[in-house]
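Chemist: A single structure is presented below for examination.
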Ligand SMILES: [Zn+2]
């Protein structure tokens, strides 16, 4: 008889969950839903845990049927195959695809590569990875890190500035408004790599990056909301009311933008990075024709320079994309990386691919600034 299987999620970014071993080497696991306080919406997308079981043992992993609540409607949490990753050492990760079962659960089978195997929805990026990035910037004259405030639980919110001196227009990138969406964090690492290794990028523009907006949620292994139950990609727009007992992280971002506005130094362009099942660029529905033309130029540059092929859709109201445009006239968009499948690379994306994508994107950004913001400068 094999030893009982055992699951642990008691570590940073580990996802709280129920689990049980079923006959035949199946582990059924149920990560906790993450709930939005104001609406009753709930979402289960993140998982990250360690499975103790002998190397070489065949196991089947299963999440029983789950329903998210979105806009007051209950919807199947897993309508499509779901990409994920596993690892023996937390460094090198291998894709694992979960397929829907007839009862609307999802399942995947594998041979355990180790006595302790890590499983994660997206290759994890938490505070240790962010700390390594920040450390790598120390001593770089083009890079500065400013603390723009603290999260609800008192963690510092870093803003990275990449610049070769005053006088250039800037782009703002934000990652991890939603804690499960680690793809955006790896992507911005690629942007930083390119900006610091290809002089043409910072010749054209400054880049500001808020790399981990919902840091408490990342540490606690949550899916979508901050620890006050607020969605950090909602509430932007006229009459915004971010507060200390609500979306505190957004209050700090709004204050940062206000101080930029006061000094005449608002970003020209801003992008909020997310993960979903579709991979589309979310464009605003704006009557500002110049804005719409510049964002269509962005789309074509992303097609030309990066892995992007998935197309566009109209973004939701009061998001970072819609709100920063409405409030400040910034060319702002939401971009959803497809967390399951990157069609143009024909693979389930991991950190290496996300970083390469960000590296490519820095060139799209350079060309956008050259054509749209710096012409005649
Ligand atoms: Zn998101």
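Where a number appears in this text, it was derived from the coordinates with a stated rule and is not lab data. This structure is a prediction, so every number in the text was calculated from the model and none was measured. Cβ placement follows ideal geometry from the backbone for every residue including glycine, while neighbour counts extend to all protein chains displayed.
Chemist: For region 245-266, which positions are touching a helix residue (DSSP H, G or I) at 6+ places or on another chain (Cβ under 7 Å) and under 26 Å from residue 180 (Cβ atoms)?
Modeler: Taking region 245-266 as the starting set, the residues that turn out to be touching a helix residue (DSSP H, G or I) at 6+ places or on another chain (Cβ under 7 Å) are 257, 261, 266.
257, the sole residue that qualifies.
Chemist: So, one more: Tally time: how many residues in region 199-234 are part of a loop (DSSP other than H, G, I, E, B), more than 13 Å from the ligand (Cβ to nearest atom) and surrounded by 22 or more Cβ atoms within 10 Å (Cβ to Cβ)?
Modeler: 5
Chemist: Residue 189 - would you say it is more than 19 Å from the chain's Cα centre (by Cα), away from the ligand (no atom under 14 Å from the Cβ) and over 25 Å from residue 69 (Cα atoms)? Lay out the reasoning, then the answer.
Modeler: Values: more than 19 Å from the chain's Cα centre (by Cα): no; away from the ligand (no atom under 14 Å from the Cβ): yes; over 25 Å from residue 69 (Cα atoms): yes.
No, not satisfied.
Chemist: Still on this structure, I have one more. Go over the candidates 257, 253 one by one and state the one that is within 19 Å of residue 322 (Cα to Cα), touching a residue at least 12 places away in the same chain (Cβ under 8 Å), within 16 Å of the ligand (Cβ to nearest atom) and not in a loop (DSSP other than H, G, I, E, B). Before you say what the answer is, go through the steps one by one.
Modeler: Working: 257 fails: within 16 Å of the ligand (Cβ to nearest atom).
Checking each option against the conditions leaves just 253.
Chemist: Is it the case that some residue within region 126-139 is closer than 26 Å to residue 264 by Cβ and either more than 16 Å from the ligand (Cβ to nearest atom) or surrounded by fewer than 16 Cβ atoms within 10 Å (Cβ to Cβ) (or both)?
Modeler: From region 126-139, those closer than 26 Å to residue 264 by Cβ are none; that's our starting set.
Looking for residues that are closer than 26 Å to residue 264 by Cβ and either more than 16 Å from the ligand (Cβ to nearest atom) or surrounded by fewer than 16 Cβ atoms within 10 Å (Cβ to Cβ) (or both), one finds none in region 126-139, hence no.
Chemist: Now a separate question. Collect the residues in region 146-198 that are at positive phi and assigned to a strand (DSSP E or B), keeping them in residue-number order.
Modeler: Quick first cut of region 146-198, residues at positive phi only: 149, 154, 165, 167, 176.
Within region 146-198, 149 is the sole residue that qualifies.
Chemist: Report yes if some residue within region 114-122 is assigned to a helix (DSSP H, G or I) and within 20 Å of residue 216 (Cβ to Cβ); otherwise report no.
Modeler: Narrowing region 114-122 to residues assigned to a helix (DSSP H, G or I): none.
No: zero hits.
Chemist: Among helices (runs of 4 or more DSSP H) lying entirely in region 263-377, which contain 3 or more residues that are under 29 Å from residue 252 (Cα atoms) and within 16 Å of the ligand (Cβ to nearest atom)?
Modeler: Because the criterion is at least 3 residues that are under 29 Å from residue 252 (Cα atoms) and within 16 Å of the ligand (Cβ to nearest atom), the helices (runs of 4 or more DSSP H) in region 263-377 that meet it are 320-328.
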